[in-house]
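Each remark here refers to the structure printed beneath this line.
The values are calculated or read from the model by the stated rules, or taken from the named source; none is laboratory data. Keep in mind the model is a prediction, meaning the values are calculated, not measured. Neighbour counts are summed over all protein chains in view; Cβ atoms, including those assigned to glycine, are modelled from backbone coordinates with ideal geometry. Ligands, DNA and RNA are excluded from the accessible area calculation, which covers all protein heavy atoms including side chains. Shrake-Rupley method; radii C 1.70, N 1.55, O 1.52, S 1.80 Å.
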Amino acid sequence: MVLQNSALLQTQSFINNKWVAARSGKTFKVLNPANGAVVANVAECTEAETEAAIKAASKAFVLWRKKTAKERGALMRKWYELVMANADDLALLMTTEQGKPVAEAKGEIVYGASFIEWFAEEARRIYGEVIPTPLNDRRIITVRQPIGVVGAITPWNFPVSMITRKISPAIAAGCTVVIKPASQTPLSALALAWLAAEAGIPEGVINVITSTDAAGIGQMLTSHPLVMKISFTGSTKIGKLLMQQSASTVKKVSLELGGNAPLIVFNDADTDVAVKGTIASKYRNAGQTCVCANRIFVQEKIYNSFIKKYRNAVKALKVGDGTEAGVQIGPLIDEDAVKKVNRLLKDAVKRGADITVGGEGHGLGKLFFQPTVIEDCTRKMTVFSEEIFGPVSAIYKFTTDEEAIDLANDTEYGLAAYFFTQNLNRTWHVAEALDYGIVGINEGIVSHAEAPFGGMKESGIGREGSRHGIEEYVEVKYLCMGGL
Ligand code: NAP
């Protein structure tokens, strides 16, 4: 990996705008999933460095919150511009540690940067209110103030955008942050921190702790009295644990957790639009996103025409090292991910599913998997209830709208859902009936900084992006002015 700006490759934690090695001197390896090569040795920090970062963030909060929203926004705008100016390097860095094709990585950089831009602008719109008084001798006013130090924990599947989606609203509101990125993808987080410092964001406002001791760092962030808020993106299992841990000090929590997205193709869908949208939703990031179509329900009458085109589209996907031109599907993140896909396929086949495309590992290497289609899936299969997190389309046939809605909602998750139809009545009926925080209608890619992203049920608490994103990082304070 040769970066135009070699300073973007940092390997130590970032505390109070200084690069800090682990006190123990220990490091851990970051591997390239495409070939297993060691990309970097990164500081293996512990609770001690995390506590130093929390204290730095707490000290910085005093000054950062006093800056005007316009001043904070201007620094963020500069950061946004630097991220965009370094997009090619950041994309290459991301592909090298995460595996996604470089064009897709670049898309994530632009998407991730859009949160910095959006919240730089939103900083100036954190309004309070004057409420009509019930008594003539008093006035009721509210102000919205930054909550304080934020502890953020993020996953490997979107190494940049899951971080900017949290940091941007937090620092726009006047909060300061301590982030623990996923141990498989810390380099993108450190590059973002380097650019933030270059942009002039003051010391202590953004701190990054690198470590493989997620449980120890998580415990420190969720129990430390100086941390006022926990924002987590990752699995539902860990989200529940962090919520429990945060209860000891009653921290505000935002959770962006797992999904089990249904995607419904109705008889009256435009087949080409449905095939394109399903491919985009299912195969982005080799199927490793929380909003990937996990269960694809196709109505009887359109089944044959849809599936013929869909199988061909899946067969045409190019698998390879993400740095090679034209590659659409990179490697999976690690061997556990490959094992999970194999386990789900084995269970589905045992219970009657038919593999019609792919179905096994790819000759390119042990983390590559063939884009796969399995048909005749049923509710009894594990693939119906678990996130696949791999390049496998599980297809189910259905007859009535009621059946499709029942199947779609039959899960504890409620993050994203999709459906394809050209009928207006059906559009409203189905959109309102789906128990999901995000619904794509004739569209497979739905994330934007301007739109609220988040889940219902066990997919999470709170929303990221949009004007609602700021709410997670402010407290509403009520001022009662009496004696008037
Ligand atoms: P994960 O195992 O929950 O890990 C996510 C983060 O939590 C990583 O930084 C991880 O650190 C850390 N972690 C692990 N155990 C922890 C503990 N005991 N205490 C504190 N932190 C801990 O999830 P993943 O497998 O990396 O990510 C995939 C999951 O994220 C999927 O379920 C996906 O649906 C979900 N996701 C949701 C959204 C959304 O917006 N709703 C977006 C993207 C992904 P290490 O890396 O060191 O293990």
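List of remarks:
- Qualifying residue in region 342-351 (condition: in a loop (DSSP other than H, G, I, E, B), open to solvent by 20 Å² or more (accessible area, probe 1.4 Å) and either among the β-branched types (Val, Ile, Thr) or farther than 30 Å from residue 400 by Cα (or both)): no
- Every residue from region 421-443 that is away from the ligand (no atom under 16 Å from the Cβ) and closer than 30 Å to residue 154 by Cα: 431, 434, 441, 442, 443
- Qualifying positions in region 12-34 - under 25 Å from the mean Cα position of the chain (by Cα) and either open to solvent by 60 Å² or more (accessible area, probe 1.4 Å) or farther than 21 Å from residue 204 by Cβ (or both): 12, 28, 29, 30, 31, 32, 33, 34
Per-residue answers, yes or no, for (1) of a type in the set (Phe, Trp, Tyr); (2) in contact (Cβ under 8 Å) with a residue 40 or more places away in the chain; (3) within 16 Å of the ligand (Cβ to nearest atom):
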{"residue": "372", "(1), (2), (3)": "no, yes, no"}
{"residue": "379", "(1), (2), (3)": "no, no, no"}
{"residue": "382", "(1), (2), (3)": "no, no, yes"}
{"residue": "390", "(1), (2), (3)": "no, yes, yes"}
{"residue": "399", "(1), (2), (3)": "no, yes, no"}
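- When region 450-484 is filtered for residues that are in a loop (DSSP other than H, G, I, E, B) and over 24 Å from residue 259 (Cβ atoms), the ones remaining, listed by number, are 482, 483, 484.
- Criterion (within 13 Å of the ligand (Cβ to nearest atom), touching a helix residue (DSSP H, G or I) at 6+ places or on another chain (Cβ under 8 Å) and under 29 Å from residue 161 (Cα atoms)) met by exactly one of 284, 295: 284
- Scanning region 413-420 finds no residues that are closer than 30 Å to residue 315 by Cα, more than 16 Å from the ligand (Cβ to nearest atom), open to solvent by 20 Å² or more (accessible area, probe 1.4 Å) and not hydroxyl-bearing (Ser, Thr, Tyr).
- On the stretch given as region 434-445, residues that are of a type in the set (A, V, I, L, M, F, W, C) and open to solvent by 30 Å² or more (accessible area, probe 1.4 Å) total 3.
- With respect to the conditions (1) at negative phi; (2) within 14 Å of the ligand (Cβ to nearest atom); (3) not aliphatic (A, V, I, L, M), residue 272 lacks only one, and its number is (2).
- In the condition set (1) over 27 Å from residue 64 (Cα atoms); (2) open to solvent by less than 70 Å² (accessible area, probe 1.4 Å); (3) near the ligand (Cβ under 7 Å from one of its atoms), residue 218 is compliant with all but (1).
- For region 266-277, a tally of residues being in contact (Cβ under 8 Å) with a residue 40 or more places away in the chain and under 16 Å from residue 423 (Cα atoms) returns 6.
- Residues satisfying the stated conditions in region 221-265, i.e. away from the ligand (no atom under 14 Å from the Cβ), over 30 Å from residue 381 (Cα atoms) and touching a residue at least 40 places away in the same chain (Cβ under 8 Å): 226, 228, 229, 252
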